Structure formats: C-alpha cells, structure tokens
1. Out of (1) more than 10 Å from every other protein chain (Cβ to nearest Cβ); (2) open to solvent by 10 Å² or more (accessible area, probe 1.4 Å); (3) at pLDDT 90 or above, what's the single condition that is false for B:ILE283?
2. Of the residues E:ASP168, E:ASP197, E:ASP152, only one is within 8 Å of another protein chain (Cβ to nearest Cβ), on the phi < 0 side of the Ramachandran plot, open to solvent by 10 Å² or more (accessible area, probe 1.4 Å) and not basic (Lys, Arg); which?
3. List every residue pair whose Cβ atoms sit under 7 Å apart, with the two residues 6 or more apart in sequence or on different chains, where the first one lies in the stretch C:64-76 and is on the phi > 0 side of the Ramachandran plot and the second, anywhere, is among the hydrophobic types (A, V, I, L, M, F, W, C) and buried (at least 18 other Cβ atoms within 10 Å of the Cβ).
4. Considering every residue within the stretch C:213-222, establish whether at least one is more than 25 Å from D:GLN152 (Cα to Cα) and small (Gly, Ala, Ser).
5. What do you reckon, is D:VAL196 touching a Leu at 6+ places or on another chain (Cβ under 9 Å) and at pLDDT 95 or above?
6. Being of a type in the set (A, V, I, L, M), in a loop (DSSP other than H, G, I, E, B), crowded, with 16+ Cβ neighbours inside 10 Å and more than 10 Å from every other protein chain (Cβ to nearest Cβ) narrows it down to one of C:ALA175, C:ALA164, C:ALA157, C:ALA141, so name that one.
7. Is one or more of the residues making up the stretch C:184-197 touching a Gly at 6+ places or on another chain (Cβ under 6 Å), surrounded by fewer than 22 Cβ atoms within 10 Å (Cβ to Cβ) and more than 25 Å from C:GLY9 (Cβ to Cβ)?
Amino acid sequence: MRSLFNAWSWLFLILILGFFEIYAQTQTGSTFLFRIYNLQSISVAASQILLLALGLTLVIVAGHIDLSIAFSTGFAAVIMAMIIRAAGPDAGWLIVLLAMGAGILAAAMVGLVNGWLVALLNVPSFIGTLGTYGIARGVALIAAGGATVSIRNDHARAFGNGTILGLPIPLVTAAILALACHYLLKHTRFGVHTYALGANRASVERAGVDVKKHLILLFLLSAITAGIGGLIYTSRFSAGAANAGEPILLYAVAAVFIGGASLTGGQGTITGTVIGAFIIAVIQFGLVFCGLPPYWQFVAVGLVIIVAVLVDQSKDRIVGGRS
Amino acid sequence: MRSLFNAWSWLFLILILGFFEIYAQTQTGSTFLFRIYNLQSISVAASQILLLALGLTLVIVAGHIDLSIAFSTGFAAVIMAMIIRAAGPDAGWLIVLLAMGAGILAAAMVGLVNGWLVALLNVPSFIGTLGTYGIARGVALIAAGGATVSIRNDHARAFGNGTILGLPIPLVTAAILALACHYLLKHTRFGVHTYALGANRASVERAGVDVKKHLILLFLLSAITAGIGGLIYTSRFSAGAANAGEPILLYAVAAVFIGGASLTGGQGTITGTVIGAFIIAVIQFGLVFCGLPPYWQFVAVGLVIIVAVLVDQSKDRIVGGRS
Amino acid sequence: MSALLKIDGLKKRFGGNEAVSNVSFEVNAGECVVLAGDNGAGKSTVIKMISGVYQPTAGKVWMNGELLTGKTPEAVRSAGIETIYQDLALADNLDPGLNLYLGRERTRKVLGLPFLDRKTMREDAVEVMKSLGITVPDPTAPVREMSGGQRQAIAIARAIHWQAGLVIMDEPTAALGVPEQREVMALIERLKKKGVGIILISHNLPDIFAASDRIIVLARGIVAGERRPAETNDEEIVRMMMGATL
Amino acid sequence: MSALLKIDGLKKRFGGNEAVSNVSFEVNAGECVVLAGDNGAGKSTVIKMISGVYQPTAGKVWMNGELLTGKTPEAVRSAGIETIYQDLALADNLDPGLNLYLGRERTRKVLGLPFLDRKTMREDAVEVMKSLGITVPDPTAPVREMSGGQRQAIAIARAIHWQAGLVIMDEPTAALGVPEQREVMALIERLKKKGVGIILISHNLPDIFAASDRIIVLARGIVAGERRPAETNDEEIVRMMMGATL
Amino acid sequence: QEDFTITLVPGLTTDAFYITMNRGAQAAAEALGITVDFQGAEEFDPVLQTPVLDAVIGRGPDAILVAPTDSTQMIEPLRRAADAGIPVITVDTFIDDGKYQDGAGDGDFPLSYIASDNIGGGRMAARSMAEAIGGKGKVYVSNVRPGISTTDQREEGFKAEMAENYPDIEVLETQYNENDASLAASQFQAVLARNPDIAGVFGANLFSALGAGNGVESAGKAEDVTVIAFDAPSSIVNNISSGLVDAAIAQHPAEIGYYGVMTAYAALTGQSVPTSIGTGFTVINADNVNDDEIAKFIYAE
Ligand SMILES: Nc1ncnc2c1ncn2[C@@H]1O[C@H](COP(=O)(O)OP(=O)(O)OP(=O)(O)O)[C@@H](O)[C@H]1O
Ligand SMILES: Nc1ncnc2c1ncn2[C@@H]1O[C@H](COP(=O)(O)OP(=O)(O)OP(=O)(O)O)[C@@H](O)[C@H]1O
Ligand SMILES: [Mg+2]
Ligand SMILES: [Mg+2]
C-alpha cells in the first residue's frame, strides 16, 4: 500500500500528457506523445532541472536547503569553459575530461564550504548557502570576466548534444545520477540517516552517527550534481555562463516539493523529484505547443503546480490516512 | 538576559556602520554616517525590503513560507497605477487613496488564495505560494499589458518621495507597519499562537485555537504588507511594474533569516528582521560607496550575510546556552 | 440524573487497522472513570475522539446532552472538557506561563490596546506547579529546557487551571516523582468533590484502585469489561487487559 | 575488581542554573545502580553527560578505565554503552526496524552493492518487541503512528539488542502496561546475570527496590546519599529525595 | 588638465554589452587621464538600480553616465543626482522621451543621450530576418521576461518593422525564457512541434539566442530555420561561424562608452555638448564574420 503512494504523481503526469495528446489529436491532427522529437526536447529540459534537483532532494530530506547550487552550476560551467578555451580550439577528449573534472572540483569547493558552515559552525543552511550563493556568483563572474566564456570544441559539443542509443546524453547523465541518488537515499545507511536527520536530529546523533560528516557529504553531493549540470550546460551551448543555474533554481526546488518533500524535512523521494521535474518540463513545453499566450503560461504553470500537489494530497483522503 | 539576545545583531550592524565611517573618514575625508542623504537613501532601500519582509516574518515564525509576495507587490503596484492612470492626470487625493485601497485589495486576494490553499487544502506553503507566485505574476502582466504602467500624479509622487519631519515617507510607512507587526507578534495572543504553531501545530490546535483561520490571517497579512510595498513602489517610481517585488524577494527572505528566524519555524522577531533589512541595505549602499567593483560586491555581500549569522550564533557560545 | 458525558459506539480505523471498536460508556459528575488497558489497546485513541483531535469513524459523544461529535478541539474545550494528552502537546518554544494559558492568554490594556500579561501568566504557572510540588529553576525559560516531570506538571496545570466540567488525563503521572504522584492523586479527589467528572488513563494498579469509581478495561480496541474497584482485584484487571473477556 | 563505569565530580551548568554539581559514583559489571530523585533533580542530565549528549561543565567519566569525557555519542556507543533516553530519541518517520538498527543498519549485497535489509530488520524489531510483550499492528508503519507504550518498547529494544557492557535506562517503564513493566524488570535481571552493568532511573519505588543493588539519591543536582536497598526503606528514600541530606 | 571622476552605471553588470561599454569608457578615461568607475546592479531592474545609484550619488562623482533601467521609473532617482549638482548623461537607454534640455517633460535634465536605439536595432533584426527567409513565413521572438525596457524595445522594433514592411511574415507569440538558455531551447522545440514550417527566431538577448540556436541544432533544422541574435558576444559569433546563428545585430557598446566619457568630459570642462549622439549597428553574418573590420564589433569577454 505504501509503495502505491508515489503513483499519484505519476497519475498526474500521465493526465497532463493525456491532455496534451488529446489537444494535439483534435486541434492539430497530429500526435504529441509519440514523436521522438517532442520526447527528446522535454527530456533534455527535464534533465537540466533534475541535475540541480537531485542532490538538493537529499539536502531537503535532511531538513536543510541549498540555494548556492544556483551558482555552483555556473561556477562549474565557467571553469570548464575556461580550461577548454585555454587549451585552444583543438583540445582533445582528455582536455575536455580534465576540464570537466576541474569544473566538478570547483562546484565541490562550494559544497565543502556549505558543509563547513552548516555542520561545523551551525549556520542555518538557508542563510549559509545564500552567502555562498553570493560568493560563488562573484567568483564565477570574476573568473569569467563578467561575460560568458565561449568555447569551440567538438568533443564538448558532442557530449552536450549527442545521443547514446537514441537517448540524448544529458538525459542519460541525469538518469544515471538519478539512479545513483535513488540508490543512495532508498537503499543505503546514508539514506536512512538522511531521513532520520530530517525528522529528529537527536535520534541520529544519539544513535552514534557522525552528523557533521553526514551534513558535509550532503552539501558536497548537492554541489556536485549541480556542477554536473553546469558541465552539461557548457557542452550544450558551447559557452560557460556564470548565470547558468540561477534561472533554474526555483524550478529545481519546485520539482523537489512537487515530488513530496516538505520544508521541515524527513520526507521526499528521488522518484518524486524526477516526476516533479518532468511535470515542469512537460507543461513548459506543452503550453507553448498549445499556443497559450505567454502571460497565461505563467498563470497555467502556477495552477498546475498547485494541482499537482492537490492530487498528491488527495491520496491521503481516499486511501484514508490521518483523520 | 534573554532580551540581551537581539543585541548581537545590533552590534554587527553598528560594526558595519563603523567600518564604513572609518573608510569614509580615512579615504575620502568625509563622513558616511552623519550625512542625511546617505541615511535617507539607506533607509528607503531598507524600507522597500522591509515591506516584503514584515508579514513574511510572521509566516516564517509559524513554520511556513510565502513566495507569492514577490508578485503580490507587483500586482498591487499595477492595480494602483492603472486606476490613477484611468482617472487622468489630475486625479486628486481621493482617487489616489482609492487606488491604493484597490491595490491592497488585489494583494489581499492573493493572500486569501494562499490561506485557502495552505489552511484548508493542506497544500505545503512552499508549493502553494509558488503556484500563486506564477498566477499573480501572470495576472499582473495581463492587467498591465506586459509593460509598466506609468503615471503622472503629484499626490502619488509626494507620497513616494516626500518626507515627514525630515523622514522619508516610505521609511515612516515601514516603521509604522513594523511597529504594528512587532506588537502583533510580541504582545498579542495572535503572536503567541504564531510562535506555538511554528513549534508544534498540535499544541495550538488542541489548545482550542482555530488554526485554519489563523493561517489564513497570516497569509493575508503577508500579502497586505507586500501590497503596501507595491503602493510605495508605484508612488516612488511613478510607475506600476508587475515585476516590482521579484528582485527583492530573496533579500526580504534573507532579512528574516538574518534576524534569527529558522526554516522550521517557532523562531524570529520583527526587531531581528528590521536589523536584517538594514544590514542588507547598509552593505549594498556602503560597498558602492567604497567603490568596490561589482563582482566583488557579490562576494562581500555573501560574506557579510554569513558573518552576520555567525556573530548572532556566537552569543550562544559566550553567554553559554546549549552545550 | 443524566450522565455528564455519554459515549456511544465509538470506532476508529487507521488505514486497515481498527484501533477502537464499539466503545460505549458514561461518566457522571464527580465520578472518576479509569480507562485501563495494555499498550496499544486504544485508550489514547478513545480520548482523542472525545476531545476532538480525531474524528471517529463511527459513534457519538455527548456532553451534558449536547452532541460533541464532529466538533473541533476548540468547541470541545469550550464545552468544558480539559485534556492532558499523553504526548503533553506543549509548545516547546514558549515558557510555562504561556503554555498554561495557551489559547486563553491573559491580556491587560495599555492605552486601550491589549498587551499580553506575561508576568501574571508566569506567576500563575509557578503557583499552579508549586501546588503539584514542582518548581522550575527559571520560569522564563522555554519548556524545551525543562525536565520530563516539569513538562508533565505544566500539562497537568493547564488542564486543572480552568473550571472544567470534565478532565481527561492520559497517563498524567508517568514522568512524575513520588511526592508529585501523590499530589495528583489528591488533586483528583479534590476535583471529584467539586463535582468534576474525570477520565483517567493509568498503568499504575494502586493508583487505579485508589482513584477510580469505575474501571473500564480495553483490550485490542474493545471494552473487555467494566468493574467497580471494590468488586475486583489486580489479578482480574490484568487478566481482562490481556484479552480475557469475562 | 575495578569498576566498569567510573564517574568523578560531574557538574553541568545551563546558563545561570547549575543543574548537576559534583556527582561521583561507580557501576560494576553485573550491578544495577538506581539513580533516584525528584523531578528536576538532574538525573537525566547526569546520564546525558555519560552518554556524550552533553559535555560536562566539569568532571570526568571512564568506562573500563578508558576516558569517555569529551567523546561523541558515537564513541560512547562503540565503547559499549547503550542508552534509553527519557524522550526516546526515535526517528518518527522510520519504521520500528530502522529505528532498532539506527546507526548500525543491516545490509545485504546485491550484485556487490550493499542494500538495506529492511525486511530482516523489521522482523528483528517485531521479535525483540514481542519479547517485551508488545505487538504492533503494522510493523511497516512509521513509529509516529504508534502508541506511547509501543514507542517506548522500541526504544528499549534498541538498547538491549546490542551486546553492551553498560545499559542506561531513563524511566524505561513510564509508558508501559503492567505485564510489560514486569518483562522489563525480568530483563534487567537477565542482563545483570550476563554481567552487564545497569544504571536505572525510575520513580517507581517497588521497582527501585526490586531491581537495584545500590540506590543513589540526587536532590537538586547533588548526591543526597547512597543506600543498599536492604538497608533502607521507602520513607527514607523519599525523605532524601526531598533534600534531607542524611 | 583636471582630475575628474566619472561613474558609469550600466543596466546590469553581468552582461557582455555593458562590459564592452565599460571597455570603451576606460579607453576614453585613459586618453583623458581621468578616472571612470563602474558600478551597477545584478539585474536589469529599477528596484535594484536605484539603491546603487543612490550610493553612487552619495559618493559624489563629477558626472554620472547611466543606462536607466526604465524610462519612467528612473526619473525620480536620477533627479536626485541632478539636484545634487551632478551632471547626468544617459547611455544605451533614456528617461522620459529621450529628448533632453528642450524644456519639456519631467526628465529633461540629463545633458545628453548616447546610444544606438534598441527599437532601431529590432527593426534591423527584422530586415535581416526577412531577407534570410525570403520575405515570408512564420517567425517569433525569444525574449527574457516582460518588463525589461531594452529587450522589450527590441521586440517592439522587430514587430513594428514586420508589420509595416513585411505583410507575408507572420510573427507568432513571444516566448519568455527567464534568461534560461535551456528553457529557450525547449520553447523553440515546442514552437516547432506546433508550427513545423517555422522559418525564423529572433533571440532578443544572448541567452535567448543561444537557446534558440541549440534548439534548432537539436531539431536538425539548422538549414531551414533562421536565427537572428541581438548583441554580439563571442559565443554568438562562434555560432555564426558554425552556422547555427545566421546573423547578429551588433550594437557598438565600446563607442557608446567612449563617447559617453568624452561628452561628460566636455561638459565638465565647460564646452557645450550635443543632446543626442547616435551610434550605429553592424550586422554580423557568415559572410563578414571573419573580416578584421568586423572583429572590433565583437563584444569583449
Ligand atoms: N495516528 C495513527 N495512525 C495509525 N495508527 C495509529 C495511530 N495512532 C494510534 N495508532 C494505533 O492504534 C492502536 C491504539 O493506539 P493508542 O495510542 O490508542 O493506544 P493506547 O491504549 O493509548 O496505548 P499506550 O498505553 O501504549 O499509550 C495502536 O496499535 C497504534 O499503533
Ligand atoms: N537543555 C537545558 N537547558 C536548560 N536547563 C535545563 C536543560 N535540561 C535540563 N535543564 C534543567 O536542569 C534541571 C535538571 O533536569 P533533568 O532533566 O536532569 O531532571 P531529571 O532529574 O531528569 O527530572 P525528571 O524526573 O523530571 O525527568 C531541571 O531544573 C531542568 O529545568
Ligand atoms: Mg496511550
Ligand atoms: Mg529526566
């Protein structure tokens, strides 16, 4: 019964897809769902959101938040682009891999600082990561000299825009990371401790878990997945932008909450977050597809987000949980 | 002893002011603090942040969040501007007051929807208010036809840019509202219930408080103070912009958290929020005043936010609270 | 004389688990009814259905002939029922005074505006707790910082401070020291004398026999039997708890 | 024989309030020492200083000759001390199995990767709780949904499930039913027989006398006296609790 | 020779256009031996620009060069500078009607307006687009978000030009991407799914164009769909070389900065200055992208 719970968000996602399919069939006489092209576009957009949302899910389950991912993404994107650029136009695979490693390292540094602030100095995570948000942003802009760092590299471009077995590489990357995070949260001791931390810090602490180390690892993880988002960004657009992650932050947080997490921690799943990211990507795509005027799109996205959660809530009423 | 607690943020604010004063004295030979112009500019900037942060403080103390204020502000600003504009260039005081009332009403509607979602439908506040964020944004843009609604009205302009006894009217407005919110949170039953709600919802519910009504009032209050921020905006800039509140949302939330609130609720004060808003306004002004290059300002603001909280934390260590 | 509180056929289902089935009993003014039963028998669930925290799956509750079922905890409280919950339901970030008065805070007017009268509330809390034999080192500290027994005393104080017609106590002495337990037993006697009805949940057999006018034993959610203390003994009550319906 | 646990001059100050002053005692293997005292006497504070939750303001703790002071709850637990806290310290959103194993979860390898073995842990929890006389209707439910006694049983299960050298119990039977209380008393006997040292905090005088080898009475943060159960009686212990240092 | 300090307040600090403008301003400062500071807000928004401007006024430079973030809303804040006796020159954008020192309007006090106007740029983009798609077909504007005056004007000019001179071109709904290139890409693909015959996209700023270009590439439509970009940082120029972007409308920000400082200096030294100076546009496309002549119009990185 308990495993049924997630099914409601799935249901809602399917509902939206069904709505757009019917729209496409009746209004344009074509199909919405069964075009590889549509699916690819939606999945790439969802992947970019997911890469910020995956690590964040664990942080939120633990009862914290990480705003700095908005610029860990940009920091990684800029560092990667700078190294490839420095290596010249003919930089090979090795250089690109090296540049990616450096980008992840840059993001990881932000994560370490977050962990240090939250775990060791007891700074509330909202304010600590808002601080590193500013710092990462400034440092990324200083590194990039304020603008985007453009690159010309076919390997990077292939990584950002190519496919594996017909699946876009950003999707494959996000899928692998989602699986890894799902495994981590659902099937490992690390995951249990994350849930327990969100419910009652004292319970884990007294059970003999090194909560400080745990928190540092959480923020590191969150920064690294966001950093990988930055690598994808640079590769897709052949440009590293310090602002790469900022506009996506709110959608990433929304995906986590649509997926069933709560501000107070102790709740949330990776599958929920994945569905949340897809719900957002599908409506963003679908509303344009339907030709809804732009301002109405803002209204519609707002409505769908609320209804997504209401549908998720109604399971409690129907299955019959709390009074 | 307990009332001493807030003193630490004050201390930090004074420290920053002292730093800028010393900088001004040694580097430019003039004064930073004792210039009416500087104080006025800082206080008006702080007021605009405060107007979003005041109601939000109560919502956060109760363990919730309200993202929609970003656009409740814009909605109120646009509605006020549209009415004044419709009334023509010679609209008198009465029309301006009427327009202001309508603006507040518009914002209040957003608050009511939030309250309905959170209190009656049990939608988590983060996601519910993110939804109304989108809706209010879309509606404000549709109302304004996408652009800013500019007005020419001397009464409105005097309200936004004038002074009373040498104090800028936005500051006076924010100060009155801050006093009212302080009274509400600190000295009334409503305030006690807000704190209790943040700590343990069951405690208030079982004590016989109508928690649903309470939540609706909280979101209404938050929307209304943000709406008043919109009125000030329209009056200051002689234009209602749908985006009026969005860029300051993050600063408003930061002010609340710098002021000692926590994500999990049950903590926070209006005095803390006021100090938080002033810390932000002072460093933003001061860093430009010192001529720090823009990207370094991001870094500096991030650092100051973190240090502000660390200073606040250290009181526990020195006064000797928890182990 | 008609009953103060009347309960008829209460039932509560959580998901697939029926925690309470068909529980009916009455409480008269000045009477102490003990709800006894093993862990998980459904005692707390019954009293939460009375106090309005849970809505019963089926069944009804009347107080002084007025139907309470479907009402909020607020309405139940104003109908004159005070409850000490097993989990205490304290607001951890408030001081004892505010917890004592939660929902019914005292205010005094300053320039026509009502201000919370924190000082009076705090003094009242200190006094009521003292009557239970408990002192707290710092009455301005939030209850989060208090010991288990001090916290329980605040929850008890909250329930007895008001002129209630019925007081429900869910294991009120679990965390209390020996002298404080005695105070609570004495308190129950005093309340009974004043005509207050009491529902007491306790696992302490001597207390149960000392305080009760009637003992209702729950076992796995159903009423296993009802006894007057004079007509029964420890052994029988324990046997009934274990599910032997006699 | 040197003592299993040695405590010397423990002191804890909270702000201006000195909750515990100069507490020293020893616990030997196979011995049950009862910490008795009125509410707010400082009992829970003492055991939290032993288990590493609080750092003492002054004083030291040794286990088997090894200094524990300054160590984390983690290190104290690996040194062989298990604790049942008064507030239980459960993770409310996890099931009993995960709470039982919290910090020491069982995993099994699938394709070389460790996966949590939720099923085994859950079965173990059901079994250990059954040995205490407690069954839960749905062992996959989070402990948030369990009754007061069921929750306490999980906390007890967690402490006794591991081969500890010393078990600290802070009012372990407060929420338990009569038969379950008896189970816990029997359990203490069994642990003593195995050579495990026990520190028990209880307000129940019969239990104190039944279980203890020594009774240490705390009053307002200081040791008011130490007695062997055979040498004293209820009245004297209660008098000592009230602060009469004899 | 006096040592003047001039502050340049851009619309936002994190945009290649304004960074390049600052380059030009610094070049002029060096030539004149004066100091030019660069101070601005993180987003193109009056609420954020106003406190920065207030602090700049508090610091008291000899003149302010500013790109006002709104033509109405920035009048009051800028008036404070004029009231404090600091000459104001607007660059890139203007306040009020953009016609200064003629005694009309609230925002008449700035000395000069130096820019390539965005409406004109939008029109130029429309002409390039029309030319590339042969004067007919469906196009749309990919824009940042409503309420930003520069990008709104580019869109306005683009649409006006199409409406007036290219009746066979249908301009579809604008799509707003919040500066998120990823969303811009997804939006292009959705527009394409709805309108398989889409002929062109006008990306009103860098990220809109980058995203549109990426969307076109992922869809394999680089041959069929024309992408016109506004502004010319090197990431766009790269895309022109690789064929993803067909043309970029390059403003001349360095010139604006250079003339801005020169104008301020002239005013400070008591010479009369023109109330408006226009700088041009350059259209960069595959034909001229490698010319040395053109290279100087590529924005700094
Ligand atoms: N919120 C809930 N959701 C699901 N099940 C619940 C909930 N509350 C209680 N239960 C279940 O209902 C049964 C009765 O619980 P209740 O708390 O009434 O027992 P009790 O008699 O008060 O026991 P105790 O003496 O241990 O406090 C238990 O099996 C418990 O697990
Ligand atoms: N975290 C804390 N901060 C401040 N004071 C505290 C804190 N914890 C306990 N105290 C105070 O220290 C004293 C001793 O508390 P402790 O919990 O040790 O009592 P106890 O003997 O366990 O009582 P009980 O039998 O009621 O559980 C009490 O007066 C309590 O108010
Ligand atoms: Mg119970
Ligand atoms: Mg205790």
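The values are calculated or read from the model by the stated rules, or taken from the named source; none is laboratory data. Remember, predicted model here, so these are calculated numbers, not experimental data. Neighbour counts run over all protein chains shown; Cβ positions are idealised from the backbone, glycine included. The protein model used for the area step is the full one, side chains on, heavy atoms only, and it has no ligands, DNA or RNA in it. Shrake-Rupley method; radii C 1.70, N 1.55, O 1.52, S 1.80 Å.
1. Here B:ILE283 clears every test but (2).
2. None of the others qualify; the one that does is E:ASP152.
3. Listed by first residue and then by second, the contacts come to C:ASN64/C:LEU4.
4. no
5. yes
6. C:ALA164
7. There is at least one residue in the stretch C:184-197 that is touching a Gly at 6+ places or on another chain (Cβ under 6 Å), surrounded by fewer than 22 Cβ atoms within 10 Å (Cβ to Cβ) and more than 25 Å from C:GLY9 (Cβ to Cβ).
Every residue, every condition in (1) part of a helix (DSSP H, G or I); (2) modelled with pLDDT under 95; (3) among the hydrophobic types (A, V, I, L, M, F, W, C), yes or no:
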site: B:ILE79; (1), (2), (3): yes, no, yes
site: B:ARG85; (1), (2), (3): yes, yes, no
site: B:GLY88; (1), (2), (3): no, yes, no
site: B:MET100; (1), (2), (3): yes, no, yes
